[in-house]
Amino acid sequence: MSGETVTLKLDDVKTIAKAALMAAGADNANAEAITHTVWMAERDGCASHGLFRIPGYCGSLRSGKVNGTARPRLERSAPSVLWVDGDGGYSPIAHKSMLDDFAELVHAQGVALAAVTNTFHFAALWPEVEMLSKRGLAAIACTSYKPTVAPHGGSRPLFGTNPLAFSWPRPEGDPVTFDQASATMARGDIQIHARDGKPVPLGVGIDKAGSETRDPNAILDGGAQLAFGGYKGSSIAMMVELLAGPLLGENLSLEAAETDIEDGGPARGGEFILAFDPAKTRQPSKSGGNAERLFQAMLAQEGVRLPGEGRLRRRAEVARNGVVIPRSLMAQIEV
Ligand code: NDP
């Protein structure tokens, strides 16, 4: 432990997060669900979605924007479409309420969509897709946010950071999972750079005059983030807007911002989760073993690793070293 940081055991993360959430108005079920999500982020070394998020979660509980006693409702609108009304709560309680039923539906139908609405997503997306892959399914999820990213060629925020996650089941071991913002850098990471007084790489964002900058504060205060890969990432950000918004009858990022009260938490939105059961989608004569062939061929090249392996490596590091957070954050969340 240094003067500036505090080192926690993983179990302490649960105790601290749950106490803060319950003090801010979450009931036991909602606090447990959010705590588990925050704990998974810290377990896997994803600081930007761990305890760092607790002040934001609590801010929106205290303001009453997010329902801390949410009881999500499920409904089938078509044989392979599961509607999930999140009851105005945070996404972890919606996931907890739907993932078992949804996985069963995908196994039965071969392909199914979970249309998650009336919810507030403030987390990484890999937990939901990875959990589906642990049940033998391939899954894609995406959600929008608030305007933060300029469309390619533009200079004002319009798209959210719009993460897209994908997971593929393996016969043995952990699924192969990637989870990436459509923005070059997740907003939480830019905030952490600002907090720590560190510059971001070029290509992450522009200032309010539209010039590229390495100053995280200039990007966050009046500037805009940029999509990864220029116009290609910009099109993916647009696709995420459409899949998580209009397709589900939910907000675009720009609409989410119109009703948001800026209390530190996320804006209301939807989440699109599409999953496939390879046992139903592939030809009966095929084993699907060529997925493993692809992974082995990738790994045969020096310098290549599979997405998700970094997270597993960070998991092992956290298990050895504990969770290190700034003392200032600890002071903000400890009740
Ligand atoms: P990163 O750029 O850190 O990583 C994106 C993906 O690329 C990860 O799956 C990562 O796997 C993989 N990856 C990284 N390096 C390599 C490599 N050398 N070889 C192969 N794969 C690699 O993530 P982002 O900054 O884009 O996003 C961070 C998080 O923010 C995401 O979890 C996202 O869901 C979340 N987010 C949430 C939002 C919300 O509204 N809820 C909004 C925006 C973002 P690995 O983990 O193994 O390194």
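The values are calculated or read from the model by the stated rules, or taken from the named source; none is laboratory data. Quick caveat, the model's predicted, so the values are computed rather than measured. Backbone-built Cβ (ideal geometry, glycine too); neighbour counts: all protein chains shown. When the accessible area is computed, the model is the full protein with side chains, heavy atoms only, and any ligands, DNA or RNA have been set aside. Shrake-Rupley method; radii C 1.70, N 1.55, O 1.52, S 1.80 Å.
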### Query
Just from the alpha-carbon atoms, what are the Rg and Dmax of the stretch 59-185 in angstroms?
15.9, 46
### Query
Can you give the calculated 222 nm mean residue ellipticity of the chain, where each DSSP H run of n ≥ 4 adds -39,500 (n - 2.57) and the sum is split over every residue, rounded to the nearest 500 deg cm²/dmol?
-12000 deg cm²/dmol
### Message
From the mean inverse distance of alpha carbon pairs (Kirkwood) and the Cα radius of gyration, derive Rg over Rh for the stretch 271-329.
### Response
1.18
#### Entry: Rg/Rg_ref, the stretch 13-98, where Rg_ref = 2.2 N^0.38 Å and atoms are Cα
1.13
### Task
Give, rounded to the nearest 20 debye, the magnitude of the charge dipole that the chain has about its Cα centre when Lys and Arg contribute +1 at Cβ and Asp and Glu contribute -1 at Cβ.
540
### Message
Quick check for you: with a 1.4 Å probe and neighbouring chains kept, what is the accessible area per residue of the chain, in Å²?
### Response
46
### Query
About its Cα centre, how strong a charge dipole does the stretch 201-335 have in debye, to the nearest 20, once Lys and Arg get +1 and Asp and Glu get -1 at the Cβ?
1020
### Message
Cα atoms only: what Rg and Dmax, in Å, come out for the stretch 227-285?
### Response
16.2, 55
### Summary
Computed from the beta carbon distance with a Förster radius of 45 Å, FRET efficiency for Ala108 and Met298 to the nearest 0.05 stands at 0.90
## Note on the structure
P(r) of the stretch 129-241 over all Cα-Cα pairs, 5 Å bins starting at 0, rounded to whole percent, reads 2, 14, 21, 19, 15, 11, 9, 6, 3, 1, 0
### Task
For the stretch 225-271 and the stretch 26-63, write down the distance between their C-alpha centroids in whole Å.
21
### Task
Run the accessible area of the chain with a 1.4 Å probe and give the carbon-and-sulfur part as a rounded percent.
53
### Query
With the dipole of the chain worked out from charges on the C-beta (+1 for Lys and Arg, -1 for Asp and Glu) around the Cα centre, which of Gly56, Ser77, Gly3 lies farthest toward the positive end?
Gly3
### Query
Once amide H atoms are placed 1.01 Å from N in the peptide plane, what residues at a sequence separation of 5 or more from Thr69, or on another chain, have their amide H within under 5 Å of its amide H?
Asp27
### Relative contact order [Cα under 8 Å, 6+ residues apart], the chain, whole percent
23
### Derived scalar couplings ³J(HN,Hα) [the stretch 39-48; Karplus, 6.51 cos²θ - 1.76 cosθ + 1.60; whole Hz; x for Gly, Pro]
4, 4, 5, 5, 4, 9, x, 9, 4, 5
### Task
Amide H neighbours of Gly110 under 5 Å, at least 5 residues apart or on other chains, H built in the peptide plane: list them.
Asp277
### Message
Can you give the log10 of the normalised intensity I(q)/I(0) at q = 0.11, 0.14, 0.15 Å⁻¹, computed with Debye over equal Cα scatterers of the chain?
### Response
-0.73, -1.21, -1.39
### Query
Under the definition of Cα pairs under 8 Å and six or more residues apart, what whole-number percent is the relative contact order of the stretch 1-124?
23
### Karplus (6.51, -1.76, 1.60) ³J(HN,Hα), θ = phi - 60°, over the stretch 51-63, in Hz, Gly and Pro reported as x
4, 3, 7, 4, x, x, 4, 5, x, 7, 6, 5, 6
### Karplus-derived 3J(HN,Hα), 6.51/-1.76/1.60, for each residue of the stretch 73-78, Hz, glycine and proline x
10, 10, 8, 9, 8, 7
